[in-house]
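The values are calculated or read from the model by the stated rules, or taken from the named source; none is laboratory data. On a predicted model such as this, the values are computed, not experimentally measured, just so you know. Note: ideal-geometry Cβ built from the backbone for every residue, glycine included; neighbour counts use all protein chains shown. Protein only, heavy atoms only, side chains kept; ligands, DNA and RNA dropped before computing areas. Shrake-Rupley method; radii C 1.70, N 1.55, O 1.52, S 1.80 Å.
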Amino acid sequence: MIRIIATNPYSDQRPGTSGLRKKVPVFQQPHYLANFVQSVFDCVEGRQGAILVVGGDGRYFNREAIQITLKIAAANGFARIIFGRSGFLSTPAASNVIRQRKAIGGLVLSASHNPGGPDGDFGVKFNIANGGPAPEGFTEAAYARSKVIDAYRILEAPDVDIDSLGETQLQDSVVEVIDPVADYQALMEKLFDFDRIRELFRGGFRFSFDAMGAITGPYGVAIFEKALGAPAGCVLNAVPLPDFGGHHPDPNLVHAAHLYNAAMRADGPDLSAASDGDGDRNLIIGKSCFVSPSDSLAVIAANAHLAPGYAGGIAGVARSMPTSGAADRVARKLGVNMCETPTGWKFFGNLLDAGMVTICGEESAGTGSSHVREKDGVWAILMWLNILAVRRMSVLDLMRAHWAEYGRNFYVRHDYEEIDADRAADLMKSLRARLPALTGQSIQGSRIAKADEFEYLDPVDGSLSSNQGVRILFEDESRIVFRLSGTGTVGATLRVYLEMFEADQSRHGLDVSDVMAPLAAKASLLADIPGYTGRSAPDVVT
Ligand code: VG1
Ligand code: CO
C-alpha cells in the first residue's frame with residue numbers, strides 16, 4: 001500500500017561536487033534520506049513506468065538506505081528497480097547498468113572516498129540516463145525542491161530480500177537483484193586484451209591491488225585473480241565491509257602508504273594499485289615509481305590505442321582544470337581535442353555524449369573513458385596492465401620515456417582539512433578581491449602572467465559554471481590553483497594545486513617535493529595560508 005508521509009524540509013540538502021554527503025547520524029534523522037530521495041524523484045520527468053538503477057558501496061547505513069530507496073521508488077511509479085546483490089554495485093558498474101538497461105537514471109548510495117562507519121559519512125548521488133552524474137541544473141532543482149518538500153510517497157511493505165539474485169514484485173514494480181560484477185566484467189573483456197594480460201601474469205609479473213575493504217574487492221577477485229590469472233591473494237582487503245574494516249578507502253599516499261612503502265622496496269610488486277569506497281578512483285604505483293594521477297591520464301591518452309577497445313585512436317582528452325597539463329601535451333601531439341572542465345565528473349558527460357573526447361581524468365585519482373559516464377578505478381588499472389603487457393617495460397622506464405618525449409609536469413596537491421569554514425571562505429574572498437591587481441606582479445622572483453577565477457561555458461549545452469577555482473599562472477608556465485572542496489562533511493578543506501613544467505630531461509628524476517617547495521612557499525604567502533588556517537603545513541600531500 002502506498003502511504004503519503006507528511007514531512008518537514010531540511011535546509012542543508014544541497015549536493016556538492018558529487019552528490020549529497022553528510023555524517024551518518026545526519027542521514028539517520030527522521031525522514032532525512034526519504035526527503036532527499038523524493039526531492040530527486042520529483043525532478044525526474046518521465047519516471048512513470050521507467051527503469052531505475054540503485055548502486056551502493058556497502059558502507060554503514062547502506063542496507064537500511066536501500067530498503068527506504070526501493071520503497072520510495074516503487075511508490076513513485078518506477079516499473080523496474082535494478083540493484084546489485086546485497087546492495088553492492090560500484091559507481092562505474094552502476095553507470096554501465098544504467099546505459100545497458102536503458103534506465104532513466106540511477107541513485108548511487110555512497111560517500112565515495114570519505115570515511116565510513118557509524119560516525120563516518122554517507123551519501124546519495126543521482127545519475128541521469130547517459131549513466132553520468134546529474135548536471136548542476138538538475139542538482140540545483142532537487143535542492144530547491146528539498147527546501148519546500150512537505151510529503152513523500154513510500155510503500156508500506158516488508159523489507160525486500162536484497163541478498164538473493166532474481167526478480168520480485170513490489171506492488172506494481174519489479175525489483176531485480178543482479179550480480180554486481182558480471183555485466184561490468186563483460187564490458188572490460190571487450191575493451192582490453194585479456195589474453196595479453198594473462199600472458200603478463202604467467203611471465204611472473206608481480207601485482208598487488210588493495211580494495212581497502214570497500215566495493216572493488218569482488219570486482220578485483222573476479223577480474224584480476226580469476227579471469228586474468230593474477231596470483232590468488234593479490235587482491236587485498238577484498239571483502240566489502242560496512243566500516244571498510246577500519247580502512248579509509250581513499251587511495252592516496254596517506255591512506256595507502258603501505259602500498260607505496262612496499263613498492264619502493266627492491267622486491268616490491270611491479271604494479272601496485274588501489275581503488276576508493278565506490279570504485280571510481282585509482283592509485284597507480286610502479287616499482288620505485290609513484291605515478292601522479294595527472295601523469296597517469298597523460299600516459300593513458302598516449303597509449304590507449306594499445307588496448308583493443310581504443311585501437312582506432314581517441315577523439316580527444318578532457319581534464320578538470322586543476323589537473324596538470326601533461327595530457328594537453330599528448331593531445332597536441334596526437335592532434336586531438338583537449339577540453340578543460342571544472343572539478344567533478346558531471347562536466348565530462350556532455351563532451352563524451354557529443355563524441356568530442358574519449359579519455360577523461362582528474363588529478364584526484366580519477367580516470368575514465370567513453371565506456372561509461374563515471375570515472376572507473378578497475379578500468380584504469382586494466383588499462384595500465386594492458387599497456388605494460390604490450391610495451392613490456394617497467395613503470396619507471398615507461399614514465400622516463402614519456403617525460404623524455406613530452407617533458408615533465410611536476411605536480412603536487414596540498415590539502416588543509418577540517419579548517420574553519422568561515423576562515424576558508426575569507427581566504428578565498430581575499431584572494432578573489434586581489435585578482436585584478438595580481439597580474440604583472442612578481443612574487444619571490446616570479447612574475448604572474450595571469451590571475452583569474454575559472455569559469456566554464458559548456459560547449460554542448462551552453463550552461464555557465466562560475467567560481468570554479470582561483471588560478472595564478474606564472475610566466476614560466478608554473479601554476480597555483482586554490483579551491484575549496486565540495487565533498488567534505490566537517491568544516492572546509494582548502495585544496496592547493498601546484499604545477500611546474502620541466503623540459504630539461506636531466507631534471508626529470510628530481511624529488512617532487514624539492515622541486516615544488518619554492519612554489520608551495522609562494523602559495524602560502526599569496527593566500528596567507530598560515531594566517532587564515534592556523535596551519536603551517538598541509539594535512540595531506542598527494
Ligand atoms: C573531489 C575531487 C574531485 C572528484 C570528487 C568526487 O572533489 O577533487 O576531483 O570528482 O571528489 O570524487 P572536491 O570538491 O572535494 O575537491 V569521488 O571518488 O568522491 O565520487
Ligand atoms: Co569515488
*Can you work out which of the residues in region 189-204 that are assigned to a loop (DSSP other than H, G, I, E, B) and crowded, with 18+ Cβ neighbours inside 10 Å is farthest from the chain's Cα centre (by Cα)?*
193
*Failed item in (1) surrounded by fewer than 24 Cβ atoms within 10 Å (Cβ to Cβ); (2) of a type in the set (Gly, Ala, Ser); (3) part of a loop (DSSP other than H, G, I, E, B), with residue 324 passing the rest*: (1)
*asked:* I'm told residue 300 meets every condition in (1) under 24 Å from residue 394 (Cα atoms); (2) within 16 Å of ligand 1 (Cβ to nearest atom) except one. Can you identify the failing condition by its number?
replied: (2)
*How do the pairs read when you match residues in region 521-539 that are in contact (Cβ under 8 Å) with a residue 60 or more places away in the chain with residues anywhere that are in a helix (DSSP H, G or I) and polar (S, T, N, Q), using Cβ under 6 Å and keeping only pairs 6 or more apart or on different chains?*
none
*Positions within region 27-52 being of a type in the set (A, V, I, L, M, F, W, C) and without any contact (Cβ under 8 Å) to a residue 60 or more places away in the chain, in sequence order*: 41, 50, 51, 52
*Out of the residues in region 327-376 that are more than 16 Å from the chain's Cα centre (by Cα) and charged (D, E, K, R), which is most open to solvent (accessible area, probe 1.4 Å)?*
332
*Between a first residue in region 97-121 that is assigned by TED's automatic domain parsing to the domain that holds residue 33 and a second residue that is assigned to a helix (DSSP H, G or I) and within 16 Å of ligand 2 (Cβ to nearest atom), which pairs have beta carbons less than 7 Å apart while being 6 or more apart in sequence or on different chains?*
106/94; 108/91; 108/94; 109/62; 110/91; 116/244
*asked:* Please go through region 209-234 and give me each residue that is open to solvent by 10 Å² or more (accessible area, probe 1.4 Å) and either closer than 27 Å to residue 119 by Cβ or under 21 Å from the mean Cα position of the chain (by Cα) (or both), ordered by number.
replied: 218
*Does residue 227 satisfy being touching a Phe, Trp or Tyr at 6+ places or on another chain (Cβ under 8 Å), within 16 Å of ligand 1 (Cβ to nearest atom) and of a type in the set (A, V, I, L, M, F, W, C)?*
no
_Conditions first: (1) of a type in the set (D, E, K, R); (2) more than 23 Å from the chain's Cα centre (by Cα); (3) closer than 28 Å to residue 364 by Cβ. Residue 64 passes all but one, so which condition is the exception?_
(3)
*State whether the residues of region 113-129 include one that is more than 16 Å from the chain's Cα centre (by Cα), within 16 Å of ligand 1 (Cβ to nearest atom) and open to solvent by 30 Å² or more (accessible area, probe 1.4 Å).*
yes
*Looking only at region 176-222, count how many residues are touching a strand residue (DSSP E or B) at 6+ places or on another chain (Cβ under 9 Å) and either without any contact (Cβ under 8 Å) to a residue 24 or more places away in the chain or of a type in the set (Val, Ile, Thr) (or both).*
7
_Can you pull out every residue in region 479-498 that is open to solvent by 50 Å² or more (accessible area, probe 1.4 Å), more than 19 Å from the chain's Cα centre (by Cα) and within 15 Å of residue 322 (Cα to Cα)?_
none
_Single unsatisfied condition, residue 240 versus (1) within 16 Å of ligand 2 (Cβ to nearest atom); (2) closer than 22 Å to residue 293 by Cβ_ = (2)
*Return the only residue of 490, 460, 496, 481 being over 27 Å from residue 295 (Cβ atoms), within 15 Å of ligand 1 (Cβ to nearest atom) and not assigned by TED's automatic domain parsing to the domain that holds residue 326.*
490
*What number of residues in region 272-299 are buried (at least 24 other Cβ atoms within 10 Å of the Cβ) and part of a strand (DSSP E or B)?*
7
*residue 134 being among the hydrophobic types (A, V, I, L, M, F, W, C), closer than 17 Å to residue 38 by Cα, open to solvent by 10 Å² or more (accessible area, probe 1.4 Å) and in contact (Cβ under 8 Å) with a residue 60 or more places away in the chain*: no
_Selection count where residues are without any contact (Cβ under 8 Å) to a residue 40 or more places away in the chain and either assigned to a strand (DSSP E or B) or small (Gly, Ala, Ser) (or both), scope region 398-457_ = 14
*Give the residue, chosen from 476, 458, that is acidic (Asp, Glu) and open to solvent by less than 30 Å² (accessible area, probe 1.4 Å).*
458
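Conditions (1) of a type in the set (Lys, Arg); (2) surrounded by fewer than 23 Cβ atoms within 10 Å (Cβ to Cβ); (3) within 16 Å of ligand 1 (Cβ to nearest atom), marked per residue:
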site: 17; (1), (2), (3): no, yes, yes
site: 23; (1), (2), (3): yes, yes, yes
site: 29; (1), (2), (3): no, yes, no
site: 37; (1), (2), (3): no, no, no
site: 42; (1), (2), (3): no, yes, no
site: 51; (1), (2), (3): no, yes, no
site: 59; (1), (2), (3): yes, no, yes
site: 65; (1), (2), (3): no, no, no
site: 77; (1), (2), (3): no, yes, no
